[in-house]
Structures are given as C-alpha cells and as structure tokens.
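Worksheet: the structure to be examined is printed underneath.
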Amino acid sequence: MSAQYAYDGSFPGLLCALCAALTARERPLDIVADRELQPMLLAPTIPITTDEEKADRFMGRIDDTMGRHVRRNLVRTFLSDTPGRELLIYDYLSFIREKGPNADGHLTHPAVAPVHAVARKVTVEAHRLTGMARFTRVAGELLVAVMEPRHRVLPLIAPHFTRRFPVDRWVMLDVGRGTGLYWDMKELHEVESGPETTRLLNTPPDSATGDIYEKMWRQYFKDIAIPERKNPRCQKRFMPTRYWKYLTEKR
Amino acid sequence: MDIEKKLQILGAAAKYDVSCSSSGSRRPTPKGGTGNGVSAGICHSWADDGRCVSLLKTLFTNVCIHDCAYCVNRRSNDIPRTAFTVDEICELTMEFYRRNYIEGLFLSSGVMRNADYTMERLALVAKKLREEYRFGGYIHLKAIPGASRELIRQAGLHADRISVNIELPTEKSLLLLTDKKKDDIMLPMGEISSAIVENRDERKHLRSAPRFAPAGSSTQLIVGATPENDHQIVRLSEGLYNRFGLKRVYYSAFVPVSSDNRLPALATPPLLREHRLYQADWLMRYYGFTAGEILDDRTPFLDEEMDPKSAWALRNIHLFPIDIQTAPYETLLRVPGIGVRSAQRIVIARRHTRLGYDDLKKIGVVMKRAKHFLTVGGRTLLPGSGRPLRLIRRDLITRAMLGPSLQLNLFAA
C-alpha cells in the first residue's frame, strides 16, 4: 500500500526521503515536511531520519548516473516554495531513472515540464536579485541587504556576492523566512533574524549620519530617465513592484 | 561645485547614450580588491522610461568644443557646465558598486580643450580604478572622436569595452549637423577593432598578454534626426558587424533637444521605428538574416504594423509551410512566432516525441503567428489549407495589440 513520507524539511532530509521512496519502487502518496504533515486516514506515514552521509551518497549517484543538470533542477525546485514540489521531484527522478539521463530533454512530458518550469522561476528570481539586492551601510562598516524573495534564493546568490565583495563584511537577510547569510570575509554563516538583525533593520538608512551615496543614487535614478519616453509598464514588467519595498531608488 | 550637483548635471547629460550592456567580460576579482565581470551581464534597475540600468552612466564633463545640432551639450547651448575630477568618479563608482547599485562605470564625455586631453582623462579614470582601487567590475569607455591611437590603445587595456558613437548614419548628415569629419569617428573605430583582433591573436600565443577591451566594442545611431531610410541603417549596421566586429549597434530614437532648423520638428520620438530597427538588428545577430533579406530598394522602410520577421515571411510565403519535426534549427528560426529559445527547445524536445499543437504552446511558441507556417507530421495545423494572405496578415499584426506605449526592453544585457 502506498505511503506518505515525512521528512524534517531540510535538503538532506528530502534526499533521504527520495532515496527511500525510489528504492521502494512505488509512487508515494506524498512526501511532506514534518511541519506540513497531516495524518492520513488510510495510508501509513513513514518517518524519515535525516542522514547527511546517506544524502551525500545519493546526490553523488544522481550526479554520476543522471547528470549535473538533474541535480541543478532538483536543488532549484527544492528551493522554490511551490506546494507539492517533493512529489514533482520524485516523478522527475523516477522518469529519468527509467528513461536515462537524456530524458531531461523530453520538455513537454508531464514528469519533466513542471520541474523545469519551477526551477526556471527560481533561477529567474535569483538572477534578478543579483542585480536588485541593495546593500545599506550600517554601523561598523557592515553592509546589509534585506529582501523578501518568493523563493529561497539566498543560498543561490550568496556565492556571487562572496566573489564580488570578498573584502567587505556583509549580511543578506530573507526577512520573509527569518533567515540570513553573513560573510565575515572568510566564509558564509547562517544567521537568523534575531534581535540583533532586527536592530540592524530598524536602523533607518537615512539616520543622523545619512548616507550621501544613497541620496545621490536616488537623484541619479530620477535624472537618467528620458521624460519623453516614460514607460511605467515596461519598467514594472522587468522590475515587478513586489521588489520595490527594498530598492533604495524606489523606497 | 559639490559632487552631488555635478552628478545631477553630468548624469542627466549622459542619458541620451542608450548603450547599457555589461556583458561579455568574465573578469576575475583582483586579489584584495572588489568586483568582477559576469559574462551574461546584470541589470540592476529599470528607470522610469523602462530602460535598464546596469552601469553608472555619466559624462566626465559636459564642456564641449563641438556644436553638433542634435546634442544637448553643444557649445552654443546655454546650460551650466562642470567636470568631475578623476578621484570623484572613482569614489562614486566604488561606493555605488559596493551597495550593488551598478555593474560598473560607463564613462563618456564632452570634448574639453581637445580630443587627446579628454581621452587622457577617461583613460586615467580606468587606470586608477583598476590599479589603485583594485576594481574588477565593468568599465565601458567612450573613445573621443579624433583621439590619438596611442591613447585609445592605453584606454582599452583597462576597459572592458571601448566604443565610438557614429550617431549619424551618413557622412552627408554628419557634415550638415556637426563640425566633425567622417575620419574623426571611423579612424578610432578602426583602431579599436584592429586592437581587439590583434589582442585576441596575441593571447592565443601568450596567455599572460594583457587583455584589450575583452567585451568588444559597440556604437550608437540616432534614428529620425536625418532623412536616411531603414534600409540604409540596416545595411550600415550589417557592415559594422561584419567589418568592425562590433558586439552591438544601438539605435536611439531622436529626442528633440533643440529647435535648430536643420532638425525635423517631431512631436514625439519615433519609438516604434526604433523598436522595429532593434528587431531587425536581432534578426541579423541571432537569426541568420542578412540586411538584404530584411529590406531592399523597393521596401526601404520596416513595416510598422508587424515585426520584420513576419514581414519577411509574408513576402516569402512560398518557402512555407515547414515541418516542425524535421526542419533544421536555422529554418525554425525563420518562422514568425518562434524565437531563439523556443527553436532550441523544439530541437531538443522533438528527439523524444512527436510535437503537437499543445506541445508547441507549452514550449513557448506564439501559435497565433506560427500556425500559418507549420505542418505537424505532414499535416497543416489549420482547418482547410491555402489561407489567403489577407487572413495571415491579420494574425501577424502586432501594433494594435501592443498599443502606443510600446517599447519592449531590448537594451537588456
């Protein structure tokens, strides 16, 4: 009888659940994070214990037998908060296991198309935010970027910023999820939006000292638009208004 | 004058230069420094006119010895004049960059004293950013018309891109509206293009040879200030791509900035024409079209009602329909409604399955247009065959759909 799998919500946890479900060779009813778990009347729930080593081995097998593009799609689909993403990933992996690594090119197949679509959304948002993340200078030479992305893109974009700003101390916060990453000029650390970060957030960017560069950027942003070509529709298409809250020039 | 005021004047004065790309350079972050180049380019914001903002685009100075009729900085225009210092530009670039407002600097300038004096200042900004500020972000410098070869060569060693604006498509227009000569523009452009070619060659033999403008060169043409037709413009662009190896030609709808009687009186900038030219330019760069296929002497202007690929397909309806399952990639690209991405996806997906109408929709093909030009497994997608051109034409018209505020963002990356 088909079962639902419950994992701890972490990425290694999901890998362990996928591994178990794929080994069982029966499509699970669902794979859900513990926090979303609702007991089902007629189906057993199989609790999954997260085992980092096992997860690593499973990921390695995916790389070897299915290809790195499959890993990429898997990771990105996981980072989206799309409901039911675990089962999408299960169907995708089980299809590729059956048909071989090239089956990823079966773009219109119901096991492939949804994963590609979700992964693409995550990729698009991550790329957007490499451009639209805005750092604000706070006390102690620290740069803070606050955002509220739809998907969990911080782990995807942080490496870009470690390459770009290696000799600055900065922190990026996903305030919607209360998570963050802090760069101490050597490595990235996970942080939570605790009291310390809240205090940082509440430091108004235009505090007593004021940041003259923020002021100049806002003015510059106004000045470079050609009034005869005003086109708010186009502007919003590329820069949706949900991001404006944290854009220095639009705040 | 303080730096805030200067940026207000010199930033605004640079806005008519439409180039914004930050792509094509994969520069690593310097040791102990800040910034790198990402080859795909990154847009950081979109201005109120819908154009992407990728670089801090500014003039070094708006002082100018020239008096070009179309230019807001012309000598005879009564506006406040100022100039940055080299350090001011460097500081601004670094501080904007660290807040992630920009990918780097786009520095252009009016001509102060003479071409070489100005070019030297621009080259110095780039050199200082690289060597003192250890900046690895994107730098695009304008070559000043008439500047010497040596200075242009120096500038290109620190810049990712170096470019000269042609602005006016023919020498006749140039002589009418400016005090510049064709050679003032074409010689630097030739110099840049041969330096890029030589450098590529040199680096094949010696990996450690310094790079010269790794992101290549570009130029800009003003559209609608002078009487040239689209055919002349498209042919010029094709020549620039082929002979000078330019990465981009930008088109800038003329915005009247003076009431000079040598210029046309336009109520609004010709944005639709500019948009069609960008589409034609895309056809040449990504779709394998030649200028001669897009326009000829009998059709000197692009159709305003439909995109240039649709117009071409209508004129060449005898080449269609093609079969979605077997047509080569190059042929798929020529179908209205199929873009580069959907053509690539069709080629991948059809190895696995026989594509039908719904599959094509899923892939992202605009079926309203494409259906007239395709067969699936030898069968047409339309009930009845041999539809009159009139009906096909109706489905290809995009103007009404897009409305007056039409301006797709073709500047991106």
So, B:A343, is that one touching a residue at least 24 places away in the same chain (Cβ under 8 Å) and either in a helix (DSSP H, G or I) or among the hydrophobic types (A, V, I, L, M, F, W, C) (or both) or not?
no
Given the conditions (1) assigned to a loop (DSSP other than H, G, I, E, B); (2) within 13 Å of chain A (Cβ to nearest Cβ); (3) in contact with a Ser or Thr (Cβ under 6 Å, 6 or more places away or on another chain), and given that B:N100 satisfies all but one, which numbered condition is not satisfied?
(3)
Take A:T108 and tell me if it is within 14 Å of chain B (Cβ to nearest Cβ), within 25 Å of B:I348 (Cα to Cα) and touching an Asp or Glu at 6+ places or on another chain (Cβ under 7 Å).
yes
So for segment B:266-288 (the condition being more than 30 Å from B:I79 (Cα to Cα), in a loop (DSSP other than H, G, I, E, B) and either assigned by TED's automatic domain parsing to the domain that holds B:R161 or modelled with pLDDT under 90 (or both)), does at least one residue qualify?
yes
I'd like to check something: does segment A:97-116 contain any residue that is surrounded by 14 or more Cβ atoms within 10 Å (Cβ to Cβ), touching a residue at least 40 places away in the same chain (Cβ under 8 Å) and closer than 13 Å to A:L15 by Cα?
no
For B:R113, which of the numbered conditions (1) out of contact with any helix residue (DSSP H, G or I) (no Cβ under 6 Å at 6 or more places or on another chain); (2) within 13 Å of chain A (Cβ to nearest Cβ) fails to hold?
(2)
All but one of (1) free of Cβ contacts under 8 Å to residues at least 60 places away in the same chain; (2) assigned to a helix (DSSP H, G or I) hold for B:L382; which doesn't?
(2)
Keeping to segment B:97-122, report how many residues are surrounded by 24 or more Cβ atoms within 10 Å (Cβ to Cβ) and within 15 Å of B:R149 (Cα to Cα).
3
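So that you can scan it fast, the table gives a plain yes or no per residue for (1) in the same structural domain as A:S193 (by TED's automatic domain parsing); (2) of a type in the set (V, I, T); (3) crowded, with 22+ Cβ neighbours inside 10 Å; (4) at positive phi:
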residue	(1), (2), (3), (4)
A:R128	no, no, no, no
A:E141	yes, no, no, yes
A:R150	yes, no, no, no
A:P155	yes, no, no, no
A:A158	yes, no, no, no
Helices (runs of 4 or more DSSP H) wholly inside segment B:142-231 containing at least 1 residues that are crowded, with 21+ Cβ neighbours inside 10 Å and modelled with pLDDT of 95 or more
B:149-158
What are the residues in segment A:93-147 that are out of contact with any His (no Cβ under 7 Å at 6 or more places or on another chain), hydroxyl-bearing (S, T, Y) and within 24 Å of A:R218 (Cα to Cα), if any?
A:T136
Going by the structure shown, is B:V53 closer than 20 Å to B:G24 by Cα and not aromatic (F, W, Y)?
yes
In the list B:D2, B:D78, B:D67, which residue meets the criterion of being facing chain A (nearest Cβ under 10 Å) and of a type in the set (D, E)?
B:D2
Which residues, counting only those in segment B:24-41, are touching a helix residue (DSSP H, G or I) at 6+ places or on another chain (Cβ under 7 Å) and crowded, with 23+ Cβ neighbours inside 10 Å?
B:G35
Looking only at segment B:85-93, decide whether some residue is at pLDDT 95 or above, outside any loop (DSSP other than H, G, I, E, B), buried (at least 21 other Cβ atoms within 10 Å of the Cβ) and at the interface with chain A (Cβ under 10 Å from one of its Cβ atoms).
yes
If you check A:E86 against the conditions, is it among the acidic types (D, E) and in contact (Cβ under 8 Å) with a residue 60 or more places away in the chain?
yes
Within segment B:34-51, which residues are within 7 Å of chain A (Cβ to nearest Cβ) and either small (G, A, S) or part of a strand (DSSP E or B) (or both)?
B:T34, B:G35, B:S45, B:W46, B:A47, B:G50
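The values are calculated or read from the model by the stated rules, or taken from the named source; none is laboratory data. Quantities reported herein were computed from a predicted structural model and do not represent experimental measurements. For neighbour counting, all protein chains shown are included, and Cβ atoms are generated from backbone atoms with ideal geometry for every residue, glycine included.
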